[in-house]
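What follows is a single structure, written as structure tokens, with notes after it.
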Amino acid sequence: MRILMLGDATTPHLVRWGAHFRKRGDTVWIASAQESRHADIKLALPVPWEFAGYPLLVPVVKRMIRDLKPDLVVAHYLPNYGLIAALSGFRPNVIVAWGSDLLVLPGRGPFERARTRLVATRGHAFLVDAQMLVEPLVRFGAPATNVFVCPFGVDEDVLAVGRRTERPRDGTPVLLSNRRLEKAYRVDLFLDALYLATNARRTFQAVVANTGAEAAALEQAAARLGLVEAIAWPGLLCRSRYLDSLARADIYVSTSPSDSTSVSLLEAMAAGLAVVVPDIPGNREWVRDGECGLLYPAGDARALSSAIMALLQDRGRAAAIGQRARIVVEERGLWSSTIRRAELLFRQLTSA
């Protein structure tokens, strides 16, 4: 196949998709308005305002399609690259939703809702990474028969961590949070929960990985709470260090109040960690409370702390939960299996 992919080439998701289909032997062009070495074609926004810049790229992409003659256009993220694909008029096209483009952006006002509705009604086929995204996309006008679920699964190198019979341990349980340090992910709740746990005299070591605009504020908040010695801040981890952080951790914590299928959650489960995550629809598709993880009310630091302390108190239970979580991902969350759904859809569309 000859595939033109539109999306933010600085994101690992898009890079992963491009690499996968190239490895299959397909011809893939990645076109992106973001500066990245992974972009084959740089799209220059004609105006500095993104809400206007992306629609103005439609004629550029039309010419690109005419010159490259792709069999398929695949656009990642509805309101920008999905909009370009929908307005280009080229078919077949596949628009890939990432979660926040359906769960967060439409709530920001009528303009965002109108843009989402335009893409939903003019797009050809849609891939969503969680079942819970099907209903909102259909509500915006996409035909239910044209919406397919394809989670962004886990690579085998993460699963290998969970299969290790010996994991490095020094006796102190390790808690891991690796979501971006941005307001939307509410990492401040994790700090509040840790503070409550220290008041209850629980012993642990926490790792808050990743970067973001809130990094400095969060470190200052940790200092005010007396958590300086209890938290490590390694920043954004390369792949090998990331796998090592999974291997050394016992418990994974997420505080994000909005998620579809979170890849970091699936990776933690695949690595055999006991996961503690908000009780929201996207997480419930993977976590059965008390079986392969613990759910707590989103935004409730006290409930989060109680769940963490329950696992700290019974590390045998934590280990058992982690191993059941690994099996869940082995059965239905591996990238090698989930991406086949996209392959099948792509073949059907191009052959038709």
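The values are calculated or read from the model by the stated rules, or taken from the named source; none is laboratory data. None of these values were measured; they are calculated from a predicted model. FYI the Cβ positions are ideal-geometry reconstructions off the backbone, even for glycines, and counts take in every protein chain you see.
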I'd like the residue in the stretch 3-35 that is small (G, A, S) and buried (at least 16 other Cβ atoms within 10 Å of the Cβ) and, out of all such residues, is farthest from R180 (Cα to Cα). A31
Which one of the conditions (1) under 20 Å from L294 (Cβ atoms); (2) free of Cβ contacts under 8 Å to residues at least 60 places away in the same chain; (3) touching a Gly at 6+ places or on another chain (Cβ under 7 Å) does T211 fail to meet, given that it meets all the rest? (1)
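What are the residues in the stretch 100-119 that are out of contact with any helix residue (DSSP H, G or I) (no Cβ under 6 Å at 6 or more places or on another chain) and within 25 Å of T338 (Cα to Cα), if any? So that I can check it myself, show each step before the final result.
Applying the first criterion (out of contact with any helix residue (DSSP H, G or I) (no Cβ under 6 Å at 6 or more places or on another chain)) to the stretch 100-119 yields 100, 103-104, 107-111, 114, 117-118.
Result: S100, L103, V104.
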For S245, indicate whether it is in a helix (DSSP H, G or I), of a type in the set (S, T, N, Q) and closer than 27 Å to A310 by Cβ. yes
Check on V60, in a helix (DSSP H, G or I), over 20 Å from the mean Cα position of the chain (by Cα) and either small (G, A, S) or within 24 Å of A114 (Cα to Cα) (or both): yes
The lone condition I280 fails out of (1) buried (at least 19 other Cβ atoms within 10 Å of the Cβ); (2) at pLDDT 95 or above; (3) closer than 22 Å to N210 by Cα is (3)
Could you tell me whether any residue of the stretch 216-237 is of a type in the set (D, E, K, R) and touching a residue at least 40 places away in the same chain (Cβ under 8 Å)? no
Could you check, for the stretch 202-221, whether at least one of its residues is part of a helix (DSSP H, G or I) and modelled with pLDDT under 95? no
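Got at least one residue in the stretch 165-183 being in a helix (DSSP H, G or I), assigned by TED's automatic domain parsing to the domain that holds A303, out of contact with any helix residue (DSSP H, G or I) (no Cβ under 9 Å at 6 or more places or on another chain) and crowded, with 16+ Cβ neighbours inside 10 Å?
Among the residues of the stretch 165-183, not one is in a helix (DSSP H, G or I), assigned by TED's automatic domain parsing to the domain that holds A303, out of contact with any helix residue (DSSP H, G or I) (no Cβ under 9 Å at 6 or more places or on another chain) and crowded, with 16+ Cβ neighbours inside 10 Å, which makes the answer no.
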